[in-house]
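Below is one structure, written out as structure tokens, with a few remarks after it.
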Amino acid sequence: MKAVNPRTGEADYTFSAALAKDVAREAERLRARQPAWEALGPEGRAKVFLRLATRIERGAQGIIDALAIDTGRRAIARIEVEGLARSLHKWAQRGPELFTALSSGPAPSATPGIEMVPSFSAYPLFGAISPWNFPVVLSHIDAVPALMAGCAAMVKPSEITPRFVEPMRAILAKCPELPFAYVLGGAETGQALTGAVDYICFTGSTATGRKVAEAAARALIPANLELGGKDPLIVTASANPVAAAKVALRASIVATGQACQSIERVYVARAIAEPFLAELVRGAKAVRLTDPDSASGHLGPFIYAQQAQKVAAQIADARTKGAKILTGGLVEHLGGGAWLRPTVLTDVTPDMAVMREETFGPLIPVIVFDDLDKAVESANASEYGLSAAVFAGSLDEAEAVGRRLDAGAISLQDAALTSMVGDATNHSRKGSGLGPSRMGDEGMLRFLRRKVLICQTGAPLPIDAYAEGAA
Ligand code: NAD
């Protein structure tokens, strides 16, 4: 298979895709190594995590360089790699604490004479399938807590962004205790992985998530799905319009809008709509592309050229249906890559694709509202329920509105905070996901199966216990 450099448009990286038989062989190897890993105990695993974190810190530049080619961005590449090392540190500490909290002696049952002794064991083989928008973060965000729980882990990164795997494999080779492996490839490799593991975490589009959930249902394994979003931001009449516009801009164009929790719909109160839009357009025009100098600017190219076409189609659909484009709106081809400056749209209506479908690009459609209740209703009228945001004149007011929004994580007086707050337990709703939280302690606890030893401390039940007429 080949991967494309998003800055040059050249398919200049070749890698071999794992076939179903390769995935099966890797799964077998990992399963064989898992019992020893689990037997190390949480403290032993924490030591390995800390060694791996140090190696990643030392080898960070190699991973960052590879990731920067895949994604066309350097600053976020650094944040991703440093974040991986931080997450190993975090789980090296939190994992053993959680295991200590779980270990309890026998507890009396409500059933007379019975005592219960709980025990916990990891799903033997964990699998993850990840997308291209944050390749390093999303390939490890579930795998690290799964490994801490005691699972072996097999991860399939996106075939669009495979370059970071090579330097990571070199680092992992120096941590032989860790039962962890990457398998590279596309949909077929993903299908094979889903069929080979005991627990699957999928991050990606809602359409593919459904397929993975169906396959997991057939295999009778748990599936955690983290899927698409169409996050709304509500700006109330009491908000500072300039501050709100700055937040709206940053949260909409972060990572060129290629973030599941980027703001994709803005609802602003009429009383402040004019200064809000003026600042939004001013700020949008001031955003600099990271071209030609990749080391300076705010906005990188689309990682995946086909995504640019999807976004252009949404702009065309909105234009045809009467939307006004206040700035941006044209996909540019620079140096072989596809780019789009922040694009502010007004006069948008709920029937437009830009208000219904996930965009994954730097579009900011703005709806002006007169009635806050109707704005809340519109924000909630979406197939998605990943996250949302509220900007108001006070935190109290923002909280009151936030409580009414139908999503898993609500940022108040800011936006798109979800991914930055690793301890914020939350559940994605509707088409945005399924299953326990990847954030917070649940991030690890979900990988532990509970077993209970039921101890009879009195006389064993006699045969008459269930006999007819014995009462
Ligand atoms: P995608 O669904 O096209 O692909 C995701 C992964 O699934 C890739 O690794 C791909 O190879 C694999 N895959 C494809 N078909 C498969 C199949 N039938 N069985 C198993 N695996 C298969 O998604 P994408 O375009 O790479 O990523 C963008 C999407 O990811 C957006 O919708 C975005 O919102 C979502 N996303 C969600 C979160 C979240 O936490 N909720 C985070 C980041 C991205």
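A few remarks follow.
- Matching option when the condition is closer than 25 Å to residue 73 by Cβ and out of contact with any Phe, Trp or Tyr (no Cβ under 6 Å at 6 or more places or on another chain), among 10, 28: 10
Yes or no, residue by residue, for (1) more than 13 Å from the ligand (Cβ to nearest atom); (2) assigned by TED's automatic domain parsing to the domain that holds residue 389; (3) among the hydroxyl-bearing types (Ser, Thr, Tyr):
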site	(1), (2), (3)
149	yes, no, no
158	no, no, yes
162	no, no, no
216	no, no, no
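- Filtered residue count, segment 14-57, keeping only those that are under 15 Å from residue 178 (Cβ atoms) and either β-branched (Val, Ile, Thr) or not assigned by TED's automatic domain parsing to the domain that holds residue 89 (or both): 3
- Residue in segment 103-147 that is farthest from the ligand (Cβ to nearest atom), counting only those that are of a type in the set (Phe, Trp, Tyr) and touching a Cys at 6+ places or on another chain (Cβ under 8 Å): 123
- Test for residue 94: is it surrounded by 20 or more Cβ atoms within 10 Å (Cβ to Cβ) and among the charged types (D, E, K, R): yes
- Filtered residues of segment 388-401 (kept if part of a helix (DSSP H, G or I) and open to solvent by 10 Å² or more (accessible area, probe 1.4 Å)): 395, 396, 397, 399, 400
- Of residues in segment 225-245 being touching an Asp or Glu at 6+ places or on another chain (Cβ under 7 Å) and not small (Gly, Ala, Ser), the one nearest to residue 360 (Cα to Cα): 230
- Of the residues making up segment 369-387, those that are part of a strand (DSSP E or B), under 23 Å from the mean Cα position of the chain (by Cα) and not small (Gly, Ala, Ser) number 1.
- When residues of segment 195-211 are limited to those that are surrounded by 24 or more Cβ atoms within 10 Å (Cβ to Cβ) and of a type outside the set (Phe, Trp, Tyr), the one nearest to the ligand (Cβ to nearest atom): 203
- Helices (runs of 4 or more DSSP H) fully within segment 13-79 counting 1 or more residues that are acidic (Asp, Glu) and open to solvent by 70 Å² or more (accessible area, probe 1.4 Å): 20-39, 41-58
- Some residue of segment 123-137 being of a type outside the set (A, V, I, L, M), part of a loop (DSSP other than H, G, I, E, B), open to solvent by 20 Å² or more (accessible area, probe 1.4 Å) and over 27 Å from residue 228 (Cβ atoms): yes
- Cβ pairs under 7 Å, 6+ apart, first in segment 201-212 and over 25 Å from residue 147 (Cα atoms) and in the same structural domain as residue 159 (by TED's automatic domain parsing), second more than 6 Å from the ligand (Cβ to nearest atom) and open to solvent by 10 Å² or more (accessible area, probe 1.4 Å): 206/431
- Single residue of 361, 337, 328 found to be away from the ligand (no atom under 16 Å from the Cβ), touching a residue at least 60 places away in the same chain (Cβ under 8 Å), open to solvent by less than 60 Å² (accessible area, probe 1.4 Å) and closer than 30 Å to residue 292 by Cα: 337
- Count - residues of segment 153-194 that are open to solvent by 20 Å² or more (accessible area, probe 1.4 Å) and either within 18 Å of residue 34 (Cβ to Cβ) or without any contact (Cβ under 8 Å) to a residue 24 or more places away in the chain (or both): 7
- Within segment 288-302, the residues that satisfy the criterion of being in contact (Cβ under 8 Å) with a residue 60 or more places away in the chain and either within 22 Å of residue 265 (Cα to Cα) or small (Gly, Ala, Ser) (or both) are 294, 295, 299, 300, 301, 302.
- Any pair with Cβ under 6 angstrom, 6 or more apart, that starts in segment 251-270 at a residue that is over 22 Å from residue 397 (Cβ atoms) and part of a strand (DSSP E or B) and ends at one that is within 11 Å of the ligand (Cβ to nearest atom) and β-branched (Val, Ile, Thr): 264/359
The values are calculated or read from the model by the stated rules, or taken from the named source; none is laboratory data. What you see is a predicted model; the values in this text were computed from it and never measured. Cβ atoms come from the backbone with ideal geometry, glycine included; neighbour counts cover every protein chain shown. When the accessible area is computed, the model is the full protein with side chains, heavy atoms only, and any ligands, DNA or RNA have been set aside. Shrake-Rupley method; radii C 1.70, N 1.55, O 1.52, S 1.80 Å.
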